[in-house]
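Read-outs throughout are calculated quantities, based only on the coordinates presented, and are distinct from any laboratory measurement. The model shown is predicted, which means the values in this text are computed figures rather than measured ones. In this analysis, Cβ positions are derived from the backbone assuming ideal geometry, glycine residues included, and neighbour counts consider all displayed protein chains.
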Amino acid sequence: MVTELAKIKLLISEGEGLTVEFKERFTARIVENMVAFANAKGGIIILGVRDDKSIIGETLTNELKARITSLARNCNPPIQVTIRQVQNVVTIEVPQGEEKPYGCSSGYFRRLDGTTQKMTNHELRVMFREHEEISFEEKINEDVTWNDISRTKIRNFLKEADVGITRIVPHDILTSLNVALNDKITNAGVLFFAEKPRKFIFHAQMTLIAFKGTDRVHIYDRQDVEDDLLTQFNAAETFLRKHLNVRSEIIGMNRRDVYELPLEAIREAVANAIIHRDYSMRGTSLMVEVHDDRVDIVNPGGLPKGLDKKDFGKISVRRNVRIADLFFRMDKVELAGTGIRRMREAMVSVGLPPPKISQTTFFTITFKRPMLQDSAEAGLSIESVGKRIKGVEKGAEKGVEKGAENLSVNEKTIYGLIRKNPSISKEAMAAEGNLTKKTVEYNLMKLKVKGLIRRIGPDKGGHWEVVG
């Protein structure tokens, strides 16, 4: 089995996540991480490691051990931690608490993905209103053995997570990712890494359907994905790319495909559906449906336990924190709790209505498709609609000021920043405009197509020019 040193090296190589936190050196604020881990699923703090995984080292002296122990004991309730010197780093292991919620002098904290967040009183009431039971993803699956685990799927995950491990030891890796416990594999481990997940969890599948018309009657394409969650995610994106309308735009010497719905919003919705699905609901399937007028993504399971409808989109309560952590490690989801906001921003940034959300026993998010709706109203073909859109964009070239007046909020923000500082970088636009990098890139492309701006010189060392 893996040694303590090998375990720590593996944790460092995998990076920070739901149960791992790096600290360059000791400060009294590590108590916030202790509280967060105790309020979540437990975890380990490694002193002497930077966020970029580089090791600078830390020495466990009697004084340091006493200070850490004192911090843990002064929590309310007290937290029992295990402190070790492992080669040139110090580890602080925090178990999952049995008397939640835990707090310290600076408040109550929780763990989401790789971040520690302070909780409000309202969040405390929501998260700890009822005693937490063991979730489906964390239950041991007694039917699966290590022979059922796919090394290829582990390798695919490590590649997506940018973890440079060449020697694949399934037991060590799944244990370090907290999807195996005491030599047994959890349901989360099965859903991600089993060669045939549906052999052990029959309803672990995603159904992709394209309908003709606006009713769920005439199916012209269907795909049932009976595989691991990463494969499901990738298959959904491929299916949507296949069935969504797309137009090509030429910017300088480059060609770019622009889909009728922003792909970043669709990807976020699919990832959230996988993360929040209630996998204990038998006889169900996660559905991705493409209709002539909309895209519906439907996952079994309504709002997580303890979360009111009025809190949705404001408080992040994840049904499957282990699955969420693995998607976070693969960079398939953005900052914790920002998914719904990002989807709305992406849709609004391209002049489309925000997605419609409904919750019953199932959770449904609907994206309105723009092109076919326009063509039905005007009696035009898709090709005609595409030409009409390009004609509108070309119209902006006739008068910059008039075109600028008709820009979206995000376009106006970026346009104004460029007028103010032609040398501004994309990163600075995102920071000053309170936008994501993807939103900046998408709206820059739109401004170029409309003839309002152009890039002079390379990305590094060049500048923007406002046309007109």
Requested in this report: Calculate, for residue 248 and residue 467, the FRET efficiency according to 1/(1 + (r/R0)^6) with r their C-beta to C-beta distance and R0 25 Å; round to the nearest 0.05.
Outcome: 0.70
**Report entry** Most to least packed among 162-169, 62-69, 85-92, 358-365 [average Cβ atoms within 10 Å]
**Finding:** 85-92, 358-365, 62-69, 162-169
Query raised in the report: Considering only the other residues whose Cβ falls under 10 Å of the Cβ of residue 22, what net charge follows from Lys and Arg at +1 and Asp and Glu at -1?
Result: -2
Report task. Report, by chain and number, residues whose modeled amide H sits under 5 Å from the one on residue 227, excluding near sequence neighbours (fewer than 5 apart, same chain). Result -> 206
Report summary line: Treating every alpha carbon of the stretch 82-214 as one equal point scatterer without solvent, the Debye formula yields log10 I(q)/I(0) values at q = 0.21 Å⁻¹ of -1.25
Query - For the stretch 22-164, average projected area of the Cα convex hull in nm² - result: 10.8
Query raised in the report: When N is the residue count of the stretch 137-197, what does its C-alpha Rg come to as a fraction of 2.2 N^0.38 Å?
Result: 1.01
Query raised in the report: If packing is taken as the mean number of other Cβ atoms within 10 Å per residue, what is the order of 259-265, 182-188, 149-155, 319-325, highest first?
Result: 319-325, 259-265, 182-188, 149-155
